[in-house]
Amino acid sequence: MNVFFGLIPDTAASAIWAMVVASLLPLLMALSAKALGGFRLADNAHPRRFLQETTGTAARANAAQQNSYETLPVFLAAVIVAMLFFVPQPIINTLAWLYVIIRIGYCAAYITNLATFRSILWVLSMACPLMLFYIAIRISA
């Protein structure tokens, strides 16, 4: 039984779904930033300029989007490397879904302007892929 009391299956598909959900988080944050900033159809001509000019919660949602894009490659690479080096699948799945859950909390903390809590969640979220890399290195040695 895994950390999540058997809620996460011990198959590779579970980690792949975690990768899909993590990949969709930046899009969700972009949509949130646009909705919070009052995005109109006319703004679609220059959506990046619109997002750069937002303030408050919309600007924070946009920053959460940007940070989600920045951390995503590390997470995706870590999951793939862990699978290639035969890290036990329950460990991969647990750390992959833990990353996703923490990142969702991170985005919520960013939007609600909980700066210290957000920073703690960022460190915890980055610990998940780093642990996957570490375990893969240990197994390969």
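Among the residues of the range 80-129, write down those that are over 30 Å from Ala59 (Cα atoms), β-branched (Val, Ile, Thr) and part of a helix (DSSP H, G or I).
Ile80, Val81, Ile91, Ile92, Thr94 - these are the residues of the range 80-129 that are over 30 Å from Ala59 (Cα atoms), β-branched (Val, Ile, Thr) and part of a helix (DSSP H, G or I).
Within the bounds of the range 123-137, is there any residue that is in contact with a helix residue (DSSP H, G or I) (Cβ under 7 Å, 6 or more places away or on another chain), within 23 Å of Leu31 (Cα to Cα), crowded, with 19+ Cβ neighbours inside 10 Å and free of Cβ contacts under 8 Å to residues at least 24 places away in the same chain?
No, every residue in the range 123-137 fails to be in contact with a helix residue (DSSP H, G or I) (Cβ under 7 Å, 6 or more places away or on another chain), within 23 Å of Leu31 (Cα to Cα), crowded, with 19+ Cβ neighbours inside 10 Å and free of Cβ contacts under 8 Å to residues at least 24 places away in the same chain.
Across the range 56-100, what is the number of residues that are closer than 16 Å to Pro9 by Cβ and within 10 Å of the chain's Cα centre (by Cα)?
Result for the range 56-100: 4.
Being among the polar types (S, T, N, Q), under 25 Å from Val123 (Cα atoms), in a helix (DSSP H, G or I) and modelled with pLDDT of 90 or more is the requirement here; does Asn62 meet it?
no
So, in the range 42-87, exactly how many residues are of a type outside the set (Val, Ile, Thr) and either buried (at least 20 other Cβ atoms within 10 Å of the Cβ) or under 21 Å from Val21 (Cα atoms) (or both)?
23
The values are calculated or read from the model by the stated rules, or taken from the named source; none is laboratory data. For clarity, every value in this text was computed on a predicted model and none was experimentally measured. Because the Cβ atoms are built from the backbone with ideal geometry, glycine has one as well, and the counts that use them run over all protein chains shown.
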